[in-house]
Amino acid sequence: MSTTSLKLSSELKERAVAVADELGISTHAFMVGAISQATDAAEQRAEFVAQAQAALAETLETGLGYDADDVRKYLRERLTNPDTARPKAKPWRK
């Protein structure tokens with residue numbers, strides 16, 4: 001493993017030490033966990049944004065989309081019936 005040095009304010013370091021002690025782990029383990037969680041969250045957000053951009057590009061290319069009321073109805077019905085048919089895409093351009 002490589003070594004990385006972090007410069008923390010005294011206040012933040014004291015808070016990290018206190019939380020790590022409360023959790024019964026080392027301050028190092030706490031910081032590694034926090035960095036891992038932040039990295040996971042950033043990667044998930046980037047994937048979400050990429051999927052949204054791809055969906056927008058597809059919608060603009062095809063001119064098809066889903067009526068919000070149809071989607072809401074589908075989601076409500078799906079709660080009780082997993083075999084509910086998905087709504088049909090419709091042209092949205094005039």
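Every number here is computed from the coordinates shown, using simple stated rules; none is lab data. Quantities reported herein were computed from a predicted structural model and do not represent experimental measurements. In this analysis, Cβ positions are derived from the backbone assuming ideal geometry, glycine residues included, and neighbour counts consider all displayed protein chains.
Considering only Ala50, Ala41, Ala29, the Gaussian network model of the chain with Cα springs below 10 Å gives its largest mean-square fluctuation to Ala29. The orientation-averaged projection of the convex hull spanning the C-alpha atoms of the chain amounts to 12.1 square nanometres.
The phi torsions of the stretch 79-88, fed into the Karplus equation with coefficients 6.51, -1.76 and 1.60 and a -60° offset, translate into couplings of 4, 9, 9, x, 8, 4, 6, 5, x, 8 Hz, rounded to whole numbers, with Gly and Pro shown as x. Stokes-Einstein diffusion for the stretch 12-64 at 37 °C, viscosity 0.692 mPa s, with a Kirkwood radius from C-alpha pairs, works out to 240 µm²/s.
Considering only Gln44, Phe30, Ala54, the residue lying farthest towards the positive end of the dipole of the stretch 30-69 is Phe30, judged by Cα position with unit charges set on Cβ. Each label point was placed 7 Å from the Cα along the Cα-to-Cβ direction; for Val17 and Gln37 their separation is 2.1 nm. If you average the alpha carbon positions of the stretch 1-30 and of the stretch 56-81, how far apart do those two centres end up, in angstrom? Centre-to-centre distance over Cα atoms comes out at 45 Å.
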